[in-house]
Amino acid sequence: MGKITVFKAEKIKHKNYPHIQSFIKVGRTGLRGNKQSEETLYYISSKVLPSKKITAKIR
């Protein structure tokens, strides 16, 4: 897994997701066949956790 960034969602109030506590951004790089691949994934969480714990839960 590549770089993980966690943002606290203290001021975000969303009517469909009232318990959001953090946003997680995951940047991944790798090879697909012979081509370099890059992607960015986003997650929301009802908890604020350290990056290492989030990494374990995402896998």
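Read the figures in this text as sums done on the coordinates, not as results from a lab. What you are looking at is a predicted structure, and each value in this text was computed from that prediction instead of being measured. Note that we place each Cβ from the backbone using ideal geometry, even for glycine, and neighbour counts take in every protein chain shown.
Numbers at a glance
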| item | result |
| --- | --- |
| Gaussian network model of the chain, springs between alpha carbon atoms under 10 Å - residue of 45, 22, 37 with greatest fluctuation | 37 |
| Length gained when the stretch residue 28-residue 41 is fully extended (0.36 nm per residue, less Cα-Cα span) | 3.9 nm |
| The chain, dipole about Cα centre (Lys/Arg Cβ +1, Asp/Glu Cβ -1), debye to the nearest 20 | 140 debye |
| Lysines with Cα under 19 Å of residue 8, excluding same-chain neighbours fewer than 8 positions away | 25, 47, 52, 53, 57 |
| Spherically averaged projected area of the chain from its Cα convex hull (nm²) | 4.6 nm² |
